[in-house]
Amino acid sequence: METAISSERVTAPGSGATPAIELVGAAKRFRTPSGDVYTALHDFSLSVHRGEFVSIVGPTGCGKSTTLSLISGLAPASAGEVRVMGEPVTAIGKQLGYVFQGDVLFPWKSVMGTVSAGLRFRGVAKREAQERAREWIAKVGLSGFEDHYPHQLSGGMRKRTALAQSLITSPEILLMDEPFSALDVQTRTLMEDELLELWSSTSASVVFVTHDLEEAIALSDRVCVMTAGPGTVKGIYDIDLPRPRHVSEIRFDTRFVELYRDIWENLRDEVLLSYERAKSNG
Amino acid sequence: MASLAHAALDEGVAAARIKVRRHKQLVMVLRIAFAVVMLGSWEILSRTKTIDPFFFGRPSEIGHKIWVWATVGTPDGPLWEQVRITMEEALLGFGIGVGAGIVFGLALGRIRLLAEVLGPYIKAANSIPRVVLGSIFIIWLGLGLPSKVALAFVLVFFVVFFNAFQGVREVNEDVIANARILGANRRQVTTQVVLPSALTWIIASLHTSFGFALVGAVVGEFIGSIHGLGHLIAFAQGTFDTNGVFAAMFILAVIALGAEFLITALENRLITWRPSRRDEVAL
Ligand SMILES: Nc1ncnc2c1ncn2[C@@H]1O[C@H](COP(=O)(O)OP(=O)(O)O)[C@@H](O)[C@H]1O
Ligand SMILES: [Mg+2]
């Protein structure tokens, strides 16, 4: 059994090993239906160390989801380099978990079927997959709901299911795309704490996308601020708050407030710019 | 206090249940009344010669006809034999049509190049008035079972195919991406994500397509055969036996309703994960 090692968790930036994730001058262009080329991501460079928790914040439409799709291998970069564990990304990563922005649970699978799906796809026998799924269902606090279908679960329970589904394959890389943005504030804070606890017992490197700066600071080792689209890195901030953290309390920490003020200073212009654009586009 | 409140709540629920049951009974009674009024006025209008019984038949005579067919036999032989023949043709055409429709729908939905190449041809084939093909099938395949099965097949195939194809196209991209991230290969995505997603669409098409299978079999028999319910209709028409035509129609309607019932049962079995109707009943 894993034991929580959260307090002495080692995140060793630049500790010799190749970074878990490296994007160097990455760009992504889309062809629009009218035939034009739209640049969603432009000259984006970021590296995430092994076991590190990095958040990406930026206004809506700045290319956050696009960045995750490049790292995951779901979509190829139009230019630049994307490497995971030192290897260029050419296909979907095998050691990768991805919690999607929308609701992507299979409506026809029960919680048990959903959580064990990753193991079953990878050829693990049904009995073993279900046993391990049962453990993960317990870890995310859904014991007793194994036979429930998504439409019978609350939003928070659905996200817990999605989280267990992603974590059961023990990913080295965990990508999370605004996983909690659709939840109410209380549920959200609970889930953030649970995420930190679950993560602390793994060695996963996390890229967490959000448009909520508070959430980004509370969870992360570093926060990457993006410009309004076409997205690129505007600034990267070290979050030197001690772990283990309690998301509900850390917001009142003076250092947290300081960091928030610094980063918001930088982020605000991008949010305003994005807002102005959205307004002028109707 | 709490138990009192509980009792009041239980009472409320019980009262609501009774209300639902009463409503159901009312609907049933009104349905039967509707049938009685319709058939009754048909009978009376026909007996008083307000409408010509030669052209419009008469419910009591139709009932009698079915009774005679069932007990004595039809001009083509025993009634159940005619029903069996028509059902066999319809079910064969239905089964093959559904199978082929699903396979082609999945294939064209999943393989873009295939859809681009074959798409126009399938659209063209679909625009042919397919009942006309019945004549060709009879020339090709003779008066026996194969020509009826072929006609039922073409009628069923396109309905199921277009639904399956559309169902595949409607599958959420992110749901597929999620499965791929979780380690699903292309085949697993098709069978374990795309097919179950498209299943609601496919099953919806079964309701209409079984009716089409029956149409295919009956029209095929009508155009050229020596037995079956379609031939019974053709024979009745040839002898100006209006009641015979209505009697065969009635039997076909019963078969279609029975099939509809079975398909709904299948649907409820296969799609257990859907919010059940019970959830929607307001108490
Ligand atoms: N498949 C696509 N085709 C065309 N444009 C896209 C596609 N995916 C994303 N975009 C565009 O790229 C921009 C960035 O999208 P996204 O990465 O989803 O933003 P974010 O997640 O930061 O809100 C948006 O303007 C979006 O409309
Ligand atoms: Mg997004």
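Pull up the stretch A:157-169, narrow it to residues that are within 14 Å of chain B (Cβ to nearest Cβ) and more than 19 Å from residue A:68 (Cβ to Cβ), then point me to the one that is nearest to ligand 2 (Cβ to nearest atom). If you could, list the steps in order and put the result at the bottom.
Let us first name the residues in the stretch A:157-169 that are within 14 Å of chain B (Cβ to nearest Cβ), namely A:158-159, A:161-169.
Checking which are more than 19 Å from residue A:68 (Cβ to Cβ) leaves us with A:158, A:161, A:164, A:168.
Values: A:158: 18, A:161: 20, A:164: 22, A:168: 24 Å.
Residue satisfying both the conditions and the ranking: A:158.
Picking from A:111, A:48, which residue would you name as being at pLDDT 95 or above, of a type in the set (A, V, I, L, M, F, W, C), touching a His at 6+ places or on another chain (Cβ under 6 Å) and surrounded by 21 or more Cβ atoms within 10 Å (Cβ to Cβ)?
Details: A:48 fails: touching a His at 6+ places or on another chain (Cβ under 6 Å).
Checking each option against the conditions leaves just A:111.
Working only within the stretch A:170-204, note down all residues that are β-branched (Val, Ile, Thr) and at pLDDT 95 or above. I'd like the intermediate steps shown before the answer.
Filtering the stretch A:170-204 for residues β-branched (Val, Ile, Thr) gives A:173, A:185, A:187, A:189, A:202.
The one that is β-branched (Val, Ile, Thr) and at pLDDT 95 or above: A:173.
For residues that are of a type in the set (S, T, N, Q) and away from chain B (no Cβ under 11 Å), tally how many sit in the stretch A:141-156.
So in the stretch A:141-156, the residues of a type in the set (S, T, N, Q) come out as A:143, A:152, A:154.
Imposing the further condition that a residue be away from chain B (no Cβ under 11 Å) reduces the set to A:143, A:154.
The total comes to 2.
Which residues, counting only those in the stretch B:165-198, are of a type outside the set (A, V, I, L, M, F, W, C) and away from every other protein chain (no Cβ under 14 Å)? Spell out how you get there, then give the answer.
Taking the stretch B:165-198 and keeping what is of a type outside the set (A, V, I, L, M, F, W, C), we get B:166-167, B:169-170, B:172-174, B:178, B:180, B:183, B:185-188, B:190-192, B:196-197.
Residues satisfying the conditions are B:166, B:169.
Here is a list of conditions, (1) of a type outside the set (S, T, N, Q); (2) within 14 Å of the chain's Cα centre (by Cα); (3) away from chain A (no Cβ under 13 Å); (4) more than 21 Å from residue B:140 (Cα to Cα), and residue B:162 meets all of them except one; can you say which number that is?
The number of the failed condition is (2).
Quick one: how many residues across the stretch A:173-209 are away from ligand 1 (no atom under 16 Å from the Cβ) and within 13 Å of chain B (Cβ to nearest Cβ)? Step through it out loud before you land on a result.
Filtering the stretch A:173-209 for residues away from ligand 1 (no atom under 16 Å from the Cβ) gives A:173-174, A:183-206.
So of that shortlist, the ones also within 13 Å of chain B (Cβ to nearest Cβ) come out as A:173-174.
Of the residues in that region, 2 qualify.
Do the conditions hold for residue A:5, that is, is it at pLDDT 95 or above, more than 12 Å from ligand 1 (Cβ to nearest atom) and not basic (Lys, Arg)? Let's see the steps before the verdict.
Details: at pLDDT 95 or above: no; more than 12 Å from ligand 1 (Cβ to nearest atom): yes; not basic (Lys, Arg): yes.
So residue A:5 fails the test.
Checking residue B:54 against (1) modelled with pLDDT of 90 or more; (2) in contact with a helix residue (DSSP H, G or I) (Cβ under 9 Å, 6 or more places away or on another chain), only one condition comes out false. Which one?
For residue B:54, the exception is condition (1).
Among the listed residues B:79, B:4, B:92, which satisfies the condition of being at pLDDT below 95 and under 30 Å from residue B:159 (Cβ atoms)? Outline the logic, then answer.
Numbers: B:4 fails: under 30 Å from residue B:159 (Cβ atoms); B:92 fails: at pLDDT below 95.
B:79 is the lone residue from the list that is at pLDDT below 95 and under 30 Å from residue B:159 (Cβ atoms).
From the set of residues in the stretch A:65-121 that are charged (D, E, K, R) and outside any helix (DSSP H, G or I), which is farthest from ligand 1 (Cβ to nearest atom)? Outline the logic, then answer.
Initial filter on the stretch A:65-121 (charged (D, E, K, R)): A:81, A:83, A:87, A:94, A:103, A:109, A:120.
Subset that is outside any helix (DSSP H, G or I): A:81, A:83, A:87, A:94, A:103, A:109.
Working: A:81: 19, A:83: 20, A:87: 24, A:94: 24, A:103: 16, A:109: 26 Å.
Per the criteria, the residue is A:109.
Quick one: which residue in B:143, B:155, B:199, B:151 is of a type outside the set (Asp, Glu), touching a residue at least 40 places away in the same chain (Cβ under 8 Å) and closer than 19 Å to residue B:273 by Cα? Walk me through it before giving the result.
On the way: B:143 fails: closer than 19 Å to residue B:273 by Cα; B:155 fails: closer than 19 Å to residue B:273 by Cα; B:151 fails: closer than 19 Å to residue B:273 by Cα.
Only one candidate passes the filter, namely B:199.
Please enumerate the residues belonging to the stretch A:72-87 that are over 16 Å from the mean Cα position of the chain (by Cα) and within 16 Å of residue A:50 (Cα to Cα).
So the first thing to find is which residues in the stretch A:72-87 are over 16 Å from the mean Cα position of the chain (by Cα), and the list is A:75-83, A:85-87.
Across the stretch A:72-87, the qualifying residues are A:82, A:83, A:85, A:86, A:87.
Which numbered condition trips up residue A:130, out of (1) within 14 Å of chain B (Cβ to nearest Cβ); (2) surrounded by fewer than 23 Cβ atoms within 10 Å (Cβ to Cβ); (3) touching a residue at least 12 places away in the same chain (Cβ under 8 Å); (4) not aromatic (Phe, Trp, Tyr)?
(1)
Which members of the stretch A:41-71 meet the condition of being within 15 Å of ligand 2 (Cβ to nearest atom), within 15 Å of the chain's Cα centre (by Cα) and not β-branched (Val, Ile, Thr)? Before you say what the answer is, go through the steps one by one.
First, pick out the residues of the stretch A:41-71 that are within 15 Å of ligand 2 (Cβ to nearest atom): A:41, A:44, A:55-71.
Retained after the next criterion (residues that are within 15 Å of the chain's Cα centre (by Cα)): A:55-58, A:63-71.
Matches in the stretch A:41-71: A:55, A:58, A:63, A:64, A:65, A:68, A:69, A:70.
Which condition breaks for residue A:134 when tested against (1) basic (Lys, Arg); (2) closer than 23 Å to residue B:195 by Cβ; (3) not in a loop (DSSP other than H, G, I, E, B)?
In the conditions (1) basic (Lys, Arg); (2) closer than 23 Å to residue B:195 by Cβ; (3) not in a loop (DSSP other than H, G, I, E, B), residue A:134 misses (2) alone.
The values are calculated or read from the model by the stated rules, or taken from the named source; none is laboratory data. The structure presented is a predicted model; accordingly, all values stated were derived computationally and were not measured. Cβ atoms come from the backbone with ideal geometry, glycine included; neighbour counts cover every protein chain shown.
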